[in-house]
Structure formats: C-alpha cells, structure tokens
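Read-outs: derived from the displayed coordinates by stated rules, not from any lab. Remember, it's a predicted structure, so these values are computed and weren't measured experimentally. Cβ placement follows ideal geometry from the backbone for every residue including glycine, while neighbour counts extend to all protein chains displayed.
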Amino acid sequence: MKDETQSQTDVGCIEVMDDAMVEVLRHKTGFERLQISWKMWSSARRMLTSHLSGTHPDWSAAP
C-alpha cells in the first residue's frame, strides 16, 4: 500500500509540482505566469554565467 505522505512521482516527468503551488499558479493570469517564468529563466542564466565565468575566467563573454 502506498504511503500518502510521500510526494507524488510521475515516471514521465522530472518533477511533480506540489498541490499547493498548483493552486497558487491557477489563480495567476497568463501574463503573471509568463513574468514568473521569465524571472526564473533570467535567474538561471545569471547563475550559470556566474558559475562559468568563475570556472573558466579565460573564456570570453562574447557569443
């Protein structure tokens, strides 16, 4: 029997969202959800850029 206190997993997904977070996002407008995703992408890009520049200071920042 499955323990109901364990987090849900889906074999086809990397991560399953928490039910409470799903409810929060359902009440956001499409524009608000896009703003959240843009901020998350920007944050990930800054973290990756910082990590790579620290790991490889000889690399150029140019594309």
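For the reader, a short list of remarks on this structure follows.
- Estimated inter-spin distance, Trp59 and Arg45, nm [label 7 Å along Cα→Cβ]: 1.6
- Where a label projected 7 Å from the Cα of Ile14 along Cα→Cβ would reach, residues of the stretch 30-55 with amide N under 17 Å: 37-49
- D_trans [Stokes-Einstein, Kirkwood Rh over alpha-carbon pairs] for the stretch 14-63, 20 °C, 1.002 mPa s, µm² s⁻¹: 159
- The Cβ shell under 14 Å around Lys39 holds other residues with a net charge of +3, Lys and Arg each +1, Asp and Glu each -1.
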